[in-house]
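First the structure, in the form of structure tokens, and then the observations on it.
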Amino acid sequence: MRARGGMVSRGQEGEGGAARSAGGGASEVAYERLLSQIMRGDYGERLPAERELARQLGASRATVRGALRRLSSLRLVEARQGSGVVVRPRREWSIEVLPAYLRFGGSDGRSIGAMLGDLIAIRRALLLSVLGLVAGRVAPGGLSGARAALARAWAARADGAAFTAEDFEMMRAIAESARILPAMWMLNDVAGIYLEIARAWAGGLPPLEDYVEVHERLFEALERGDREGALGTIGAYFERHDARLIGALEAFT
């Protein structure tokens, strides 16, 4: 079932992913097939030998090795002496695997809606932590970059992917204004994952009508060093926004 703006079901997204990978050459096809099989738990704890994988995938051994290197960079697999290539426990995987886990149907028995709810909660906790650090460290007028991103986000509100990208850019600009580099880098990691999922699952959901007003109040509180006021303002907004988002996701998962 597809909603306006590009929200799709897990099955449709998996088919779309396969179609995209088919256009990306043999290396991408091999990577996507291995990725999907690992996500579904098809291999158990150990992958077949390289020669057998090449036969199964209809690819060269060099192509298989390249796909395995990509999977290793996500901490999905590792080569162990005497054991070949093993699938690492899920608790060791990189957060970057989450979009693929949702797309291909992970094997832990939890619903997609529940996992997306977890992601939204993590995003909210991270953003509130960053904003709490920023208060008192921003000079008056130091949020001009964030205000510019806010204006771009609102102008792009009819395009879910563009809006979400500018919304995250606004948060990065806030962290940058206070020179909190670790927060910026953490936001970069979360942003890539959240944007990929937002494009697939909630591309048609517009922001709340008071989006600009709330964030202007947030900026004013940050600039005067009012940590409690800033967190109270944006925290209440996140509660309303996330409740609506989770409701929309549950309707299409």
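For region 220-253, residues that are part of a helix (DSSP H, G or I), over 14 Å from Leu127 (Cα atoms) and either aromatic (Phe, Trp, Tyr) or under 19 Å from the mean Cα position of the chain (by Cα) (or both) total 8. Among the numbered conditions (1) in contact (Cβ under 8 Å) with a residue 12 or more places away in the chain; (2) of a type in the set (Gly, Ala, Ser); (3) farther than 20 Å from Ile197 by Cβ, the only one that Gly160 does not meet is (3). Residues being at pLDDT below 95, within 30 Å of Asp42 (Cα to Cα), in a helix (DSSP H, G or I) and assigned by TED's automatic domain parsing to the domain that holds Gly25 are represented in region 74-91 by at least one member. In the condition set (1) modelled with pLDDT of 95 or more; (2) loosely packed, with under 14 Cβ neighbours inside 10 Å, Gly225 is compliant with all but (1).
The values are calculated or read from the model by the stated rules, or taken from the named source; none is laboratory data. In this text, all values refer to a predicted model and were calculated from it rather than measured experimentally. Virtual Cβ from ideal backbone geometry, glycine too; neighbours counted across all protein chains shown.
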